[in-house]
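Please read the structure below before turning to the comments.
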Amino acid sequence: MNYSNLSVAPTARAAMPPLAAKVEPVLRVSGLEVTYYTDAGRAKALDNVTFTLNPGEKLGMVGESGSGKSTMALAMMRMIKAPGRIEGGSVVVGDTDLMSLDAEGMRKARLSKIAYIPQGAMNSLNPVMRIGAQMMDAVKSHLPRESRAAIEARCKRALQSVDLDPGVFRMHPHELSGGMKQRVCIAIGILLDPQVIIADEPTSALDVVTQRQVMETIDNVKNAINAAVILIGHDMGLMAQFVDKVAVMYAGRLVEFSTVREMFTDPRHPYARALIDSLPNLDNKGVFQGIPGLAPSLLRLPSGCAFHPRCASIMDSCRSVRPEPRVLAGGRSVTCHLYDGEG
Amino acid sequence: MTLKLAIRRLLFLVLVIWAASTIVFFIPRLSNRNALRERFGELARTGGFSPQDLEKIIASMQQQFGLDQPLLHQYWTYLGNIVRMDFGYSLYRYPSTVSELIAQSLPWTIGLLLVTTILSFIIGNLLGAVAAWPRAPRWLRLTATPFILLTGVPPVIMAILLIFFIGFRLKWLPLGGAYSVGIVPTWSWSFALDMLKHQILPALALIFGSVGGWVLSMRGMGITIQGEDYVNFAEHKGLTGGRIFRDYYLRNALLPQITGLALALGTVIGSAIIVEGLFGLPGIGNMLNLAIRANDFPTIYGIVLFITIAVALLMTLVEFIYPLLDPRIKNS
Ligand SMILES: Nc1ncnc2c1ncn2[C@@H]1O[C@H](COP(=O)(O)OP(=O)(O)OP(=O)(O)O)[C@@H](O)[C@H]1O
Ligand code: SF4
Ligand SMILES: [Mg+2]
């Protein structure tokens, strides 16, 4: 397989710290598990997910619809609603273990330590409140002693940093375009300089030009506050240009986690390989190929490795033995029996 | 709201009032009953004048009321009277004018309806909102259930049950009437208290009859709003539960309920007529009831039109207020 002629090559990043450097991770997720107790049965939507991120790093999280990307983000915010439950694992931001906080502590951690920019920002703003009021109440609920003027100045700064006119402050959501609403949501996300920002499909409803602008906006604000950013999305091509690391989800599991260069030049997990191969490139003249087979239902997961019915590299053990995440040389992690001997 | 839209709304209001007045004009005329004859026949029977005199009196009264004119002519006169808001004399309560009758009975009805409608709107919507709010304590969410069950009970039955148990068996409150028999209405605290006591059961009958409806519609609305992205995002922002409930959930869920309030105003009048009749309150509903029985059409016209115009005006008012509450309406 020839990966060298991909049309979407990762851009060089001189500022990126080498992986070996001693930087304290700002986000440590380990063993995270979420189950939805539906009428049809138990769906394990997140299964033993573990990874870390350093300050200033951008992670792109990809996977088919239903693979658990949003569940992952919501679990990190401790916002999984019934019938779902977080059944184990820990999320540590800086030196705060979110799972050990009480409800009030978690409320305060949201937005100030870890911010979530929701999937579907189109409907994420209250239609009957002005943008300004929706930004100010967020700040006020975390910094009750800050003066009104200071809060307002903070909100307007945030609007400016996402390239919005300060006049937006006085507008209602229905007066804004989709891209502007998305930026407002990002502006809200960065109001309190969180250490971790999660953006769930921040660009999926936008046109290509606006997509790029929003991605660049996220990039700029990330640089300004040196937060770790998790970008959730389907678009590998867009990801390739903006992220440092890529996490591939499949059926609730993190099947591969590596740097963007490793992912695009030498993907290890067979599913990740299939994803990269399916990208339009010069060989197949830009035709999107897709991956053969269907995503499995979480209620009836295949035995052993959940990917085995679609896997091109299937071995005997794959049908019966579940692979566990394995850290390979260089720090990348893969969940596949092909690498049982490595790491 | 643009000026053009406002003018369109007002024209529509005039159309509604015209249609209502026309229907109201012709319906009592379909009956062959003659209120004057009934009224004076009664007088004649109880003694006084001879049958010949009776015919003369009736004929002169007919003339005085313009009832000897062709129907279409009467209709035009009637429309003219409406424009001047002058409904003339009551046939049955002659020589009182219809306007006098309305003025006498109106305060009772407005007092009762205003208080009960506002109270049931507030109570019903709060209970419904809480019932659909997943983070409310369980006992609080269940408070709504008995009110929902009460929606099935018609206002008549509700009123009779209240009169029987609270008024008759427990003797906590008077059975009916606007104030105690034998008391002369004065501007005093003791009279006000006596009057209030007489209003409690009718008010309860009306409130119990309508709270459940608000609870049900608000709970339905709340379930929808509670899952909206903006409510979730409010929680992601780390807002306190109370603020999310008030600013993000309740405010949005209430919007359609306000339209519902405008619609409810029409039906509330219907229950008021029943309840006023059962409790013997001298309100406008009771007056209408009596006027219909006597086929006193000037009074029927007056009251029905008054109610129609009042409800139509209130609905238009709600429509003008709505854009202030929902910024999305303003531009569309
Ligand atoms: N409230 C819920 N009740 C039951 N199952 C749920 C619920 N929410 C999510 N799931 C299940 O959890 C799995 C993961 O869903 P999730 O929304 O995290 O997927 P996703 O990767 O974000 O997909 P998409 O790309 O479509 O946003 C899905 O299989 C879904 O069916
Ligand atoms: S474990 Fe086996 S089936 Fe699963 S991805 Fe690896 S090779 Fe394929
Ligand atoms: Mg999702």
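The values are calculated or read from the model by the stated rules, or taken from the named source; none is laboratory data. Owing to the predicted nature of the structure, the values given are computational and were not obtained by experimental measurement. Cβ: placed from backbone, ideal geometry, glycine included. Neighbour counts: every protein chain shown. These area figures cover heavy atoms from the full protein model, side chains too; ligands, DNA and RNA do not enter into them. Shrake-Rupley method; radii C 1.70, N 1.55, O 1.52, S 1.80 Å.
The table below lists the values:
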read-out: Highest average packing first - A:184-194, A:158-168, Cβ atoms within 10 Å; value: A:184-194, A:158-168
read-out: Estimated D of the stretch A:103-226 in µm² per second, where Rh is the Kirkwood radius over Cα pairs and Stokes-Einstein applies at 25 °C, 0.890 mPa s; value: 170
read-out: Vicinal HN-Hα couplings computed from phi for the stretch A:100-111 (Karplus, 6.51 cos²θ - 1.76 cosθ + 1.60; Hz; Gly/Pro x); value: 8, 6, 7, 4, 5, x, 5, 4, 5, 6, 4, 6
read-out: Chain-alone versus full-assembly comparison, the stretch B:228-246, residues with accessible loss of at least 40 Å² (1.4 Å probe); value: B:Asp229, B:Tyr230, B:Phe233, B:Glu235, B:His236, B:Lys237, B:Gly238, B:Leu239, B:Arg243
read-out: Rg to Rh quotient for the stretch B:208-249, alpha carbon positions, Kirkwood Rh; value: 1.12
read-out: Cα-Cα P(r), the stretch B:209-332, percent of pairs per 10 Å interval; value: 11, 29, 27, 17, 11, 4, 1
read-out: Accessible surface buried once A binds B (1.4 Å probe; total of both sides; Å²); value: 2200
read-out: Long-range HN-HN contacts of A:Leu27 with modeled amide H, under 5 Å; value: A:Leu53, A:Gly94
read-out: Percent antiparallel among DSSP beta bridges (both partners in chain A, rounded to 5); value: 60
read-out: Per-residue ³J(HN,Hα) for the stretch B:123-130, Karplus 6.51 cos²θ - 1.76 cosθ + 1.60, θ = phi - 60°, Hz, x for Gly and Pro; value: 4, x, 6, 5, 4, x, 5, 5
read-out: Unit Cα scatterers, Debye sum, the stretch A:74-139: log10 I(q)/I(0) for q = 0.16, 0.21 Å⁻¹; value: -0.67, -1.00
read-out: Reciprocal mean inverse distance between Cα atoms of the stretch A:209-343 - Kirkwood radius, Å; value: 16.4
read-out: Across A:Lys156/A:Lys222; A:Lys44/A:Lys108; A:Lys181/B:Lys4; A:Lys58/A:Lys181, pairs whose alpha-carbon gap is larger than 26 Å; value: A:Lys44/A:Lys108; A:Lys181/B:Lys4
read-out: Amide hydrogen neighbours beyond the local backbone of A:His269, cut-off 5 Å, H modeled; value: none
read-out: Gaussian network model of chain B, Cα within-10 Å springs - most flexible of B:Gly302, B:Gly88, B:Gly277; value: B:Gly88
read-out: Backbone N within the stretch A:299-316 under 18 Å of label point (7 Å from A:Glu324 Cα along the Cβ vector); value: A:304-306
read-out: Estimated vicinal HN-Hα couplings, Hz - the stretch B:311-325 in sequence order (Karplus 6.51, -1.76, 1.60; Gly, Pro = x); value: 5, 4, 5, 4, 5, 5, 4, 4, 5, 6, 6, 3, x, 6, 8
read-out: Globularity index of the stretch B:104-295, i.e. its alpha-carbon radius of gyration over 2.2 N^0.38 Å; value: 1.22
read-out: Probe 1.4 Å, protein heavy atoms only - accessible area per residue of the stretch B:104-295 in square angstrom; value: 48
read-out: Percentage relative contact order, chain B, counting C-alpha pairs under 8 Å, at least six apart; value: 27
read-out: Percent accessible area from carbon and sulfur atoms, the protein assembly as shown, protein chains only, probe 1.4 Å; value: 62
read-out: P(r) tail fraction, chain B - alpha-carbon pairs more than 31 Å apart, %; value: 49
read-out: B:Glu42 - accessible surface, heavy atoms, 1.4 Å probe, Å² rounded to 10; value: 90
read-out: Pairs of Cα atoms farther than 33 Å apart, the protein assembly as shown, %; value: 63
read-out: Size-normalised alpha-carbon gyration radius of the stretch A:24-258, reference 2.2 N^0.38 Å; value: 0.99
read-out: Where labels lie 7 Å past Cα in the beta-carbon direction, separation of A:Ser278 and B:Gln104 in nm; value: 8.3
read-out: Förster radius 22 Å - calculated FRET efficiency between B:Ile157 and B:Leu263 (Cβ-Cβ, nearest 0.05); value: 0.40
read-out: GNM flexibility winner over chain B from B:Leu11, B:Leu72, B:Leu288 (Cα, springs under 10 Å); value: B:Leu72
read-out: Cubic angstrom per residue, convex hull over Cα atoms of the stretch A:177-256; value: 100
read-out: Nonlocal amide H pairs with A:Ala247, under 5 Å, H built at 1.01 Å; value: A:Gly60, A:Met61, A:Val62
read-out: Rounded to 5, percent antiparallel among DSSP beta bridges of the protein assembly as shown; value: 60
read-out: Separation of the B:Thr22 and B:Thr224 label points, Cα + 7 Å toward Cβ, nm; value: 3.5
read-out: Two-site label geometry, A:Arg170 and A:Thr50: point separation in nm, points 7 Å out along Cα→Cβ; value: 5.5
